[in-house]
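Bear in mind these aren't lab numbers, they're just calculated from the coordinates by the rules spelled out. Just so we're clear, the structure is a prediction, and the values are computed from it rather than from any experiment. Neighbour counts run over all protein chains shown; Cβ positions are idealised from the backbone, glycine included.
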Amino acid sequence: MFDIASILFAGATGLLVIGIGGMVLSEHLYRMLLALAIAEAGANLMLVLAGFKWSASAPIITVSVESIPAMVDPVPQAMVLTAIVIGVGVQALALTMIIRIRNAYGTLNMREVKLKMEQEFADMADLPIETRSVPARNDQS
Amino acid sequence: MKELIVLTFAVPLLMAFLLPTISRVSFTLSKLIAPLVLLALAIMVVCIWNFHTETFVLHIGNFIGPQGIVFYVDRLALLFAFAIFAMTLLMWPWYFEKDESSDTRTRKLSLTLLLVAASAGMSLSGDIFNLYVFYELLAVASYGLIAAGNKKPAGNSYAAAFRYLMISALGSVFALLGIALIYFQTGTLNLAHLSEMKELLNNPAGLIAFVFILLGFGVKAELFPVNSWVPEAYMASSKRVAGLLAGLVSKLAVLVIIKALVLIYPQDEARQLLLFLGIAGVIVGEFSAMKAQDMTRMLSWSSIAQLGLVFIAFSIPGKAGMLAGLAVALHHLISKPAMFLIAERWGGSLQNLKGRAQSSPIMAALLILFALSMVGIPPLPGFWVKFLLLSGLSAQQAWLAIAVVLIMTVVETNYLYRVISSLYSRDEQQSVTSRHRTADTFSALILAGVLIFVSVQVQTVGQALDEIAQDAVDVKSYIDLSLGGGS
C-alpha cells in the first residue's frame, strides 16, 4: 500500500525526468518549451511537498490564537507561487522568441536553426562556414 | 544612512519601468536621466562605504531573525554594488542605430536598468530564495539584451537568446530543486540560519542540493558543463552587452555560489567538485579560444577559461582561497569588458586584423596592456592575481591544478600573441578600417587606468582586498549579525 506522499514525490520526480529529458532530447523548439513547462511543474510540486504536512490544516487562523491546530508551512507555497509566476513569464518570452525565429528562419528544428545561426555568424565575421569536421586552419603569422 | 542601501536596487527597478513613460514625453530626457541615476547611486555606495566601516544587516520591515527578508551589507557586497554601477555606466548603450525607433532604444535602456537592479539585489541578498528571484530577473533582462542583437535584432540573435534561455531555464529548474531539497532538510532558506544548521546538510542529499545549486547558478557563471551558450550569445549581442555579461553578471553568479560554499558547505567534497569543474572549464576554454578564428569567439572562450580560474581559486579553503578568488574575479571584471570594447570594431575574422594597429594605435596598445595582464606579466595586476592563485594552490599541494594553470597560461599567451602580432604586421592590401567610437575608446581607457592604478598601488589594494576577504570568510559574525538584533 503506497501512501499519497510517496506517490506525489514519485510524480514530481517523474515530471522532472520527463521534462529534463524532453529538453535535452527534442529537436523541435516548441517541444523543448513544453518540456521546460513540465520540468518546472515537477520542481514546483517538489517544493510544495518539501513543506507539506498531511495531518495539518491550511495556514489560516480561523479560531482563537490559543488553540491553533498544526498548520502547513506556508513559506514553500508562497515561494512556489513566485516560481510559477516567473516560469510563466519566461515561457511567454520564449514563445515570442520562437515566433521571431520562425519568421526569420522559417523553421523550428533546432539543428537547422543552429546551422543558420552559425552561417550568419560566419557571414558577420567574414569567415568560411564553420563545420565541426573541418580542422582549424593553421596559417598563422 | 543604512536604509539607503535599499535604493541600490529599488531605484533602478523603478526607473526601468518609468523609462517608457518618460520617453513618451521626451526621449532625450530618458536617455539622460538613466545614467545620472546610476551615477548618483554609485556615489551613494561610496558614501555608505565611507560612513559605515563595519558590516551591517538590514531587516526589511523589521522582521528580525530568519523569517524576514535580510540584506547583508559587508565590504564585499558594497564593492560589488559599486562595481555594478561603475561598470554599467562604462558599458552603457550610448549608441543607437539610425533606423531604430525611440521605443526600441528605450527598451534597451530599460533592460539595462533591470539588469542593474537585479545585480544589485543579488550582491546584497542574504536569503537563497531572494537570490533566486533576483537571478531570474537578471536572466530575463539578459535574454532581452541578447535578443536585441548586435546592430539590430536578427534571426541569429533570437536563436542565440532562445538557446541561452533554454539552458538558463533548465538551470533555474535545477536551482529550484536544490532549494527544495535544502528546505526539505532544514526548513529555512536564510543563509545565516542555514549556516547554523549546516550539519543537517552534511549528507548525500545535502551535497546533491549543492550540485543542483551549482549547476543552476553556474549557467550565468559560465561554469563548465553549462556554458555552451556563451560564444553564441556574445557573437549575437552587441559587444557592450557581451562585456557586461562576461564581466559583471558572471561574477554575481559566482558570488552566490561562493556564499553557499563558505556559509553552508565547508565540506571537502564541495570544494573538490568546484576544483574539478574549474579545471575542466580552463582546459576547454583555453583550447577552444586557441582554435577560434574570430575575435569575439576567442574572447568568449577565454572568458570561460578565466571563470574556470575563478572557480579553481575559490576551491582553496579559508581566507587564502577567498583572497585569490576575489583577485582573479575582479581582475577579470576589469579586463574582459575592456577587451570586448576593443573587439567592437575588430569583431571579424582574425585574418582581417592585419595591420589594424596603424589605423587605431591607442586601441592596439590597450589590447597589449590587457593581454599582458591576462597572461600575468610582473608589474601588472594579472601577475599578482596568478601569484596569489598559485601560492594558494601550492599551500594545498594541488599540483594538478597548478600544472593546469601554468600550461594553460602558455596556451593563452599563444593565442593572444597571435592576435597582437597580426595587428602589427604589415599588410599591403589595407582593408576598410572603421574607427573605434569615442565612447568605446574612453571606457577602455578608464579601465586601463584602473589596471595601471592597481599595479602602482598594489600594496594598498592588496591590503584592502585582504581585509574584505577576511570579513567574507567570517561565518560567525555573519550568523550573529543576520540573526541578532541587527546592529
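Figures for the structure shown
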quantity	calculated
Compactness of chain B as Cα Rg over 2.2 N^0.38 Å, two decimals	0.93
Least to most buried among B:T460, A:T62 (fewest other Cβ within 10 Å first)	A:T62, B:T460
Within-14-Å neighbourhood charge of A:L93 [Cβ basis; K, R +1; D, E -1]	+1
Cross-link reach list, lysines versus B:K251, counting only Cα pairs under 23 Å and skipping chain neighbours closer than eight places	B:K108, B:K220, B:K239, B:K259, B:K319, B:K336, B:K386
Average projection area in nm² (convex hull over Cα atoms of the range B:285-389, one quarter of hull surface)	6.5
Per-residue Cβ neighbour rank within 10 angstrom, fewest leading, B:S119, B:S302	B:S302, B:S119
Distant-in-sequence amide H partners of A:M71 (H built 1.01 Å from N, under 5 Å)	A:S57
Residue-wise HN-Hα coupling along the range B:24-36, computed from phi with Karplus coefficients 6.51, -1.76, 1.60 (Hz; x: Gly, Pro)	4, 6, 7, 5, 4, 4, 5, 5, 7, 6, 5, x, 4
FRET E, pair B:A365, B:N414, Förster distance 25 Å, beta-carbon r, rounded to 0.05	0.75
Percent of beta bridges antiparallel (DSSP, the protein assembly as shown, rounded to nearest 5)	90
B:K152, B:K239, B:K476, B:K386 arranged by Cβ crowding within 10 Å, fewest neighbours leading	B:K476, B:K152, B:K386, B:K239
Cα pair distances in the protein assembly as shown, grouped into 20 Å bins until the bin that holds the longest one, percent each	19, 55, 24, 2, 0
Chymotrypsin sites (Phe, Trp or Tyr not before Pro) restricted to the range A:1-85 and DSSP loop, no more than 15 other C-beta within 10 Å	A:F2, A:F52, A:W54
Whole-Hz couplings from phi, Karplus 6.51/-1.76/1.60, listed for the range B:208-221; x for Gly and Pro	4, 4, 5, 4, 4, 5, 4, 5, x, 7, x, 4, 6, 7
Segment B:I60-B:Q351, extension gain: residue separation times 0.36 nm, minus the distance between their alpha carbons	99.2 nm
Helix-only [θ]222 nm of chain B, DSSP H runs n ≥ 4, -39500 (n - 2.57) each, per residue, nearest 500	-24500 deg cm²/dmol
C-alpha center-to-center spacing [the range B:439-475, the range B:236-258] in angstrom	18
